[in-house]
Structures are given as structure tokens and as C-alpha cells.
Amino acid sequence: ELARVYGYDNIPARLPRGLAELAPEPASAEAERRARQALSGMGLSEVVNYSFVAPRALEVLGGGDKPVVLLNPLSVEQSAMRTSLLPGLLENLSRSVRHQVDSVSVYEMGRAYLRDEAGGQGQHPATREVHRVAGLVWGLRGGGRTWTQKESRLDFYDAKGAVEALLHALHVDGVRFIAAEAPAYHPRACARVELADGTLLGHVGELHPRVTKALELPRDAFVFELDTAPLYAAARLVPSWGGLPRFPAVLRDLAVVVPLELPNDEVRRVILEVGGPLVEDALVFDVYTGKPIPEGRKNLAYAIRYRSPERTLTDAEVGTAHQRIISEVNQRLGGALRT
């Protein structure tokens, strides 16, 4: 009406002006994209399961988180909001086995729903949503029987390798795998996944026999589940490079006999700490048990790379640092130099 009174001819003809810039994509979206690519590259297929599961499946897994139960569910099998992504993956395994599938390698990204003490009061939502990534591997390696290779089964290191591929894609360094116990995992093959600062990401390991028996699942199923919030926060999505080394490295091997239960990470941490600025890296390349190693102990062999950014190291400098490492490993960790 205003335009009609003022006169349409009096209004100049101009193209509308608008913003030509798109809103920046959140870093978590790029991190999630890379995580999907890493897990798919390891041979895992993505699945999307319902957020509602059977309460019994959550009880079998344990964990102590009481789920939120729906007032009017579609069925008993979908009457509780999941507190873990594992029930859906276990159902995928169960269906696959019933259809005589030889191998299952799947992962899922989604939300778990945990009870909130203030849930539903005021502005608080009914649950606390936690975004997670979980995976499951079971069966024959390579997807089934082939005539070109011997039959072998997926194991703990396949699940751990998927987690490591995920961490590598996000450039998250310093992550530790520490032997632990968790309700849903077998005590013989379970590890806590922690960031360098001690933040817990989740667990990886073999399903507990109690779980497989209660849900009528095959044994030797390996799973992992990680919280993505701390994982994405620690990710380095923009690559960075340092200058090429100007001086040559000096390589030395170290073989130490340590207690059988001592993890490699502990020995490697001492080597890097004691070696100070001269030790560039320490890589374990051999683990041996048996004669002549005493019972209850194992031999760990490391390739240690020494380098200085300022000068070429002398044999005396490397020898002093190497001897200091041997002494500290022996004193702190109860090790002994293998002769």
C-alpha cells in the first residue's frame, strides 16, 4: 500500500543485496567426516540403528546407567532409550549370524541418552545426550573363505587397529591403551582408551562370555565404543609440518627383560623421558617369551633414534644417553639388559 501511494515509478530498480559468504562449517563436522572415512577404509560398514532398545540388552551389558523408559513404546524391544550404541551392533551381529554370514565388521555414530538428575525440570531436557562412535568385528578375516590365503579370524588387534586408524585420521597423538576391566568386556582382552592428559575416551576389547551367552551371540566378538566430544576436541584438523632435519640420526637397539605384565607404553615412556631432547623416537620391534627368558618375564626390543637439531651427535653423547636409559629402565621398571 505504501508503494502504491508513493508510486511504483518512483522506486529505483536495483538488484537485491545479500551476503555472499556461507556460514563456516563447525570443526566437529569435518572431524566426523574424517572418522567415517577412516573406519570405512578399515573395512567397516556404517549402520544406523534405532535409538530405542530392549531394557534387557542394556542390563546384560551392565555399566550402571539406568535408561529412560518410554511410557508408550511401540514394542518391548524398543521400550528404552539406549545408554550405549553396543546393543544395536549386537543385534546386527545376531541377525547376520542367523543368515549364515561368515564375517561382520560394522560401526555406528550416534547419540546415547543418559539420565539427568534435573531432566525435565525447567529448561533442562529429559536426558543428557552423548555423541559416540562404536564398532564391532567378528568372524573370518577378509570377509570369508578364499582359496588364496589361510583361514584366520578377526581378533582384538583388528578392533584396536580400527580405533588407531580413527585416531590417526584425526591426528590425535599420545593416546594410551591401558589394560582394564569393564562390565561388558572380557577381562583377558579389554583396554581403556585414554588421551595423553588422562581423559577417558572409552574401551575396546572382547565381549564378555556372560553377554554372548545371555544374548545368544557367537564368541570371539570384539567391540569398541568412544565418546566423540573429547576426541574431536583433541583432533588436529589443520596439518602442520616442521623443517626437515639438518643432521643425521644415530640408531641404537635396546633389548630389555621386563615383567610379563608390564606394557610397552610404560617402557617407551621412560625411554623418551630419560633420553630427553636427544631421543627422537623409540619403536618396539620385537616381543619374545620363552627360553632362555625366565618364566613370568618377556624381552622387549626397541629401535631408538637419537638426533640433535643443532649438531651431529658423537658416539660418546649417544653412549651416555643410552646407558642412562638402561639404568632408569632397570631401576624404575625392574628390567634387566638382555645379554
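When the stretch 192-226 is examined, which residues are found to be among the acidic types (Asp, Glu) and open to solvent by 40 Å² or more (accessible area, probe 1.4 Å)? Result: Asp197, Glu216, Asp220.
Answer yes if at least one residue in the stretch 145-162 is open to solvent by 40 Å² or more (accessible area, probe 1.4 Å), assigned to a loop (DSSP other than H, G, I, E, B) and either at pLDDT 90 or above or under 18 Å from Cys190 (Cα atoms) (or both), and no otherwise. Scanning the stretch 145-162, I find at least one residue that is open to solvent by 40 Å² or more (accessible area, probe 1.4 Å), assigned to a loop (DSSP other than H, G, I, E, B) and either at pLDDT 90 or above or under 18 Å from Cys190 (Cα atoms) (or both), so the answer is yes.
Of all residues in the stretch 227-243, those that are within 25 Å of Ala134 (Cα to Cα) have Cβ atoms under 8 Å from Cβ atoms of residues that are among the β-branched types (Val, Ile, Thr) and in a strand (DSSP E or B), 6 or more apart or on another chain, in Asp227/Val130; Thr228/Val133; Ala229/Val130; Leu231/Val133. Whenever a residue of the stretch 312-328 is closer than 9 Å to Val274 by Cα, its partners that are modelled with pLDDT under 90, lying with C-beta atoms within less than 8 angstrom and at least six residues away or across chains, give the pairs Ala321/Gly275; Ala321/Gly276; Arg324/Gly275; Ile325/Gly275.
Among the residues of the stretch 69-110, those that are of a type outside the set (Gly, Ala, Ser), in a loop (DSSP other than H, G, I, E, B) and open to solvent by less than 30 Å² (accessible area, probe 1.4 Å) comprise Arg82, Thr83, Leu85.
Residue count for the stretch 172-191 satisfying the condition of being open to solvent by 70 Å² or more (accessible area, probe 1.4 Å) and either closer than 30 Å to Glu30 by Cα or in contact with a Phe, Trp or Tyr (Cβ under 7 Å, 6 or more places away or on another chain) (or both): 2.
When we screen Tyr6, Tyr50 for residues that are among the aromatic types (Phe, Trp, Tyr), closer than 29 Å to Leu140 by Cα and open to solvent by 50 Å² or more (accessible area, probe 1.4 Å), the only hit is Tyr50. For Thr312, the conditions (1) modelled with pLDDT of 90 or more; (2) part of a helix (DSSP H, G or I); (3) over 30 Å from Glu30 (Cα atoms) are fulfilled apart from (2). Whether a residue is open to solvent by less than 70 Å² (accessible area, probe 1.4 Å), in contact (Cβ under 8 Å) with a residue 40 or more places away in the chain, over 28 Å from Ala179 (Cβ atoms) and under 32 Å from the mean Cα position of the chain (by Cα) was assessed, and Gly276 passes this test.
Every residue, every condition in (1) in contact with a helix residue (DSSP H, G or I) (Cβ under 6 Å, 6 or more places away or on another chain); (2) closer than 30 Å to Met109 by Cα; (3) open to solvent by less than 40 Å² (accessible area, probe 1.4 Å), yes or no:
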| position | (1), (2), (3) |
| --- | --- |
| Ala235 | yes, yes, yes |
| Gly242 | no, no, no |
| Asp265 | no, yes, no |
| Val287 | no, no, no |
| Arg311 | no, no, no |
| Val318 | no, no, yes |
| Ile325 | yes, no, yes |
| Glu328 | yes, no, no |
| Arg338 | no, no, no |
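Determine whether the stretch 285-296 contains at least one residue that is over 22 Å from the mean Cα position of the chain (by Cα), part of a strand (DSSP E or B) and not aromatic (Phe, Trp, Tyr). Yes - at least one qualifying residue is present in the stretch 285-296.
The values are calculated or read from the model by the stated rules, or taken from the named source; none is laboratory data. Being a predicted model, the structure only gives us computed values, none of them experimental. Cβ atoms come from the backbone with ideal geometry, glycine included; neighbour counts cover every protein chain shown. For the accessible areas, the whole protein counts, side chains as well, though only heavy atoms, and no ligand, DNA or RNA atoms are used. Shrake-Rupley method; radii C 1.70, N 1.55, O 1.52, S 1.80 Å.
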